[in-house]
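Just below is one structure, and these are the notes that go with it.
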Amino acid sequence: MAIYLARKTIQSLKPYLSARKIGGVGTIWLNANEYPTQNNDVYWASELQTAALNRYPEPQPEMLIKRYADYANVLPECVLVTRGGDEGIELVIRGFCENDEAILCCPPTYGMYKISADTFGIATKSVALTTTHCLDIPAIARALDGVKVVFVCNPNNPTGTCVTEQIIELLNITAKRAIVVIDEAYIEFCGEQTMAKYLAQFEHLVIIRTLSKAFALAGIRVGFVLANPPIIKLLQTIIAPYPIPTPSAVIANLALSAPAIHQMHANVAKLLDEKNEFVRQLKQLPQVVNVIESMTNFVLVEFEDGPVVFDALWQLGIILRNQHHLCNNCIRITIGSKSHNDCVIKALKALNKPKTFNSQIKG
Ligand SMILES: *Cc1c(COP(=O)(O)O)cnc(C)c1O
């Protein structure tokens, strides 16, 4: 077919294996860090009924910008609405990297930084996190030549850890050289860690946010970029003309009303309680080597034999996220509803039983 006409770099790309694409015939989905239950309000339906869908949407919905700015405690001029946080990541790379420049990221971390860069033919430099999941600032400083954008996920996916105290240092060594993107997709789970209050101080700071995680709205594809007005204006010139479908904007507005934000905070508190209980139980299991202390709605768990545990639970319809390629024997588990978390613990306990029991479970 005409694939040979495609750009060479694209022909050789492997598609990102998103949690949903991996498939599986699961009944329990704990692989995409989504909120475990629907958060729809019956009131939303009536708001949607009156939305003028014959018209193009507002390019940057004014009410939504205002509400998110209030929520994030920044000026409306500092907010861009995007098609999920992933579009924000892509826009920054597209807006700032020349063909011969690179991005820098600190694995193990979110895969989309490199994949986005790959699709534009932009190189990725990697400076691994230290064994204590901190930024290796001296190594980053040495690697900065030709780097235009540095991505730091805080709290980090998949480790669940924060490097907040090191970010100022990173901002200092990158000043006038590179943009620093702090990906705060999970910030609602540890609100005080946000860098939003530093926007006035650092012209090269960019923050990525999303409604996909704590707000329980992964299905509407709404995210935000927070940055100083000149950067927001620049990104506005390269974003698609109508990135936010009207139904998404309507629902996002409602999700950012005062009572809905209050509800979100209550949901987060409950989920964090569930996490503590889940981790407590995980730590008692003999095949669990380590559970990294997590600031988020997921945990990275090191098992004696991660791939075997992943496959065994997959067979039972419990779909987790295998991270063995990033971090030996590790599996990332999203905190789900209490009943789903209990199923995971039960399944893991059953794996420890002698073989005769094992075959019964699989049957
Ligand atoms: C989920 C996630 C995002 C953004 O997801 P969207 O659904 O595109 O908003 C960004 N960064 C990290 C680290 C994530 O886990």
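The values are calculated or read from the model by the stated rules, or taken from the named source; none is laboratory data. Because the structure is predicted, anything quoted here is derived from the model rather than measured. When we count neighbours, we look across all protein chains shown, and the Cβ atoms used for this are built from the backbone with ideal geometry, even at glycine.
How many residues does segment 208-236 contain that are within 16 Å of the ligand (Cβ to nearest atom), over 27 Å from Asp41 (Cβ atoms) and not in a helix (DSSP H, G or I)? Qualifying residue count for the region: 1. Taking every residue in segment 83-98 that is closer than 14 Å to Ala227 by Cα and pairing it with any residue that is in a helix (DSSP H, G or I) and within 8 Å of the ligand (Cβ to nearest atom), at least 6 positions away or on another chain, the pairs with Cβ-Cβ distances below 8 Å are Ile89/Met112. In the condition set (1) touching a helix residue (DSSP H, G or I) at 6+ places or on another chain (Cβ under 9 Å); (2) assigned to a loop (DSSP other than H, G, I, E, B); (3) surrounded by 20 or more Cβ atoms within 10 Å (Cβ to Cβ), Val81 is compliant with all but (2). Output the number of the condition that Ala128 fails; it satisfies all remaining conditions of (1) within 18 Å of Ala139 (Cα to Cα); (2) more than 19 Å from the chain's Cα centre (by Cα); (3) in a loop (DSSP other than H, G, I, E, B). Only one criterion in (1) within 18 Å of Ala139 (Cα to Cα); (2) more than 19 Å from the chain's Cα centre (by Cα); (3) in a loop (DSSP other than H, G, I, E, B) is unmet by Ala128, namely (2). Val279 - would you say it is surrounded by 18 or more Cβ atoms within 10 Å (Cβ to Cβ) and in a helix (DSSP H, G or I)? Criteria met by Val279.
Here's the yes/no breakdown for (1) over 20 Å from the mean Cα position of the chain (by Cα); (2) within 16 Å of the ligand (Cβ to nearest atom):
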{"position": "Val149", "(1), (2)": "no, yes"}
{"position": "Arg177", "(1), (2)": "yes, no"}
{"position": "Met195", "(1), (2)": "no, yes"}
{"position": "Ala200", "(1), (2)": "yes, no"}
{"position": "Pro245", "(1), (2)": "yes, yes"}
{"position": "Ser257", "(1), (2)": "yes, no"}
{"position": "Ile261", "(1), (2)": "no, no"}
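The residue that is surrounded by the fewest Cβ atoms within 10 Å (Cβ to Cβ), among those in segment 26-45 that are within 18 Å of Val268 (Cβ to Cβ) and modelled with pLDDT of 90 or more, is Thr37.
What tally of residues in segment 142-186 results from selecting those that are touching a Ser or Thr at 6+ places or on another chain (Cβ under 9 Å) and either hydroxyl-bearing (Ser, Thr, Tyr) or without any contact (Cβ under 8 Å) to a residue 40 or more places away in the chain (or both)? So the answer is 8. For segment 87-118, give me each residue that is of a type in the set (Gly, Ala, Ser), crowded, with 20+ Cβ neighbours inside 10 Å and within 12 Å of the ligand (Cβ to nearest atom). Hits for segment 87-118 are Gly88, Ser116. Residues of segment 300-316 that are out of contact with any helix residue (DSSP H, G or I) (no Cβ under 9 Å at 6 or more places or on another chain) and either farther than 16 Å from Thr131 by Cα or assigned to a loop (DSSP other than H, G, I, E, B) (or both): Glu304, Asp305, Gly306, Pro307, Phe310, Asp311, Trp314.
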